[in-house]
Amino acid sequence: MRHVAEKTGIPVPRVLSYFTGSESAAAVAGGREYVLMERCPGVQLQRVWPSLDRGARVAVVARLARLLAELRGSAGPFALGGSFGDNATEAGSAPLSVGCFVDTGAPPVSTYSEFYAQQVRHYQPCLRRDPLFVMLAPALEQWCVRELPRLCCEDGCEAAPTPRQFVLTHSDLNGSNVLVDSRTLEITGVVDWEWAGASPPTEDVNNVLYDLLRDPTEDACVRAAFERALLTEGIDCCSALARGCTRAQHVTGLVIAACCYLDWDDPATPEPPFALETKARLETILRDCRLL
């Protein structure tokens with residue numbers, strides 16, 4: 001957040017104190033990681049979004065497109081994908097350094113297919129522990145091996161493959177983490193940066209689309225306006241590679257969502273409707289790929 005505050009005009013909370021593992025702070029924090037920061041003004045975008053008309057929504061997504069361009073322009077691009085975490089340095093000193101993924105501890109990756117495969121494989125043990133999803137685990141592994149390189153244009157079909165570039169991303173950009181002025185709809189804060197890292201360029205774009213513009217029919221005009229705004233800012237969202245990464249991120253998102261909502265402590269607990277819906281969507285995708 002300090003990097004974003006010093007290198008961009010994106011409004012972020014001012015960090016007052018934090019602890020990530022130093023022994024001197026452990027006694028105060030009880031050994032737990034924490035960040036103490038100022039409270040940002042405004043309301044969550046997700047609270048006002050349903051009441052906005054089309055013109056207001058178009059204005060908001062244009063601001064989000066500018067925010068994404070400014071964020072990725074502040075550092076990088078990076079040759080490796082991963083998290084910053086303890087490897088990050090404060091603005092004004094050495095460049096941000098890509099390190100292990102914060103959620104998996106796995107080392108950085110150099111291709112988009114590895115980026116998505118790593119996420120799926122990290123959650124595979126969780127799926128195998130649940131009777132609802134255990135049968136999907138082998139097919140998902142085959143999806144990582146067979147489908148991901150094709151989706152990410154890394155299956156040898158390119159005569160001269162373009163080197164993959166990872167960009168600085170928030171990685172959880174959605175309506176609950178963007179604050180706006182309820183009257184002007186100007187962005188007043190972007191919070192929850194714990195997943196920030198170097199990711200494929202479509203990561204934050206798709207998070208906005210999934211959260212705010214999920215219905216392609218109802219939100220078609222606003223989606224088109226968002227895509228135009230992205231292209232104006234130089235952000236690719238329409239190429240074959242971008243579309244392939246979008247499909248890859250969709251599958252990994254379903255896997256992560258399934259693991260987040262299943263009750264691992266009590267296997268006898270009835271599966272929630274969300275889990276059943278997620279399983280059905282994964283099955284459809286895997287059948288379409290002829291993996292089930």
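Side notes on the structure shown:
- Couplings 3J(HN,Hα) of segment 212-224, computed from phi: 9, 10, 5, 8, x, 7, 5, 9, 4, 5, 6, 4, 4 Hz, in residue order, whole Hz [Karplus 6.51 cos²θ - 1.76 cosθ + 1.60, θ = phi - 60°; x for Gly and Pro].
- Segments 112-119, 273-280, 123-130 sorted - mean Cβ within 10 Å per residue, highest first: 112-119, 123-130, 273-280
- Virtual spin-label span in nm between residue 146 and residue 100, 7 Å along Cα→Cβ: 3.3 nm
- Other residues lying with their Cβ under 12 Å from the Cβ of residue 189 contribute a combined charge of -2, Lys and Arg counting +1, Asp and Glu -1.
- Counting only protein chain heavy atoms and rolling a 1.4 Å probe, the accessible areas of 1, 135 rank, largest first, as 135, 1.
- Amide H contacts for residue 189 (H built 1.01 Å from N in the peptide plane; partners 5 or more residues away or on another chain; cut-off under 5 Å): 179.
- Residue 224-residue 70 FRET efficiency (beta carbon distance; Förster radius 30 Å; 0.05 resolution): 0.85
The values are calculated or read from the model by the stated rules, or taken from the named source; none is laboratory data. Everything quoted here is computed from the prediction, not taken from an experiment. We place every Cβ from the backbone using ideal geometry, glycine too, and count neighbours over all the protein chains shown. Quick note on the areas: whole protein, heavy atoms, side chains included, nothing else; ligands and nucleic acids left out. Shrake-Rupley method; radii C 1.70, N 1.55, O 1.52, S 1.80 Å.
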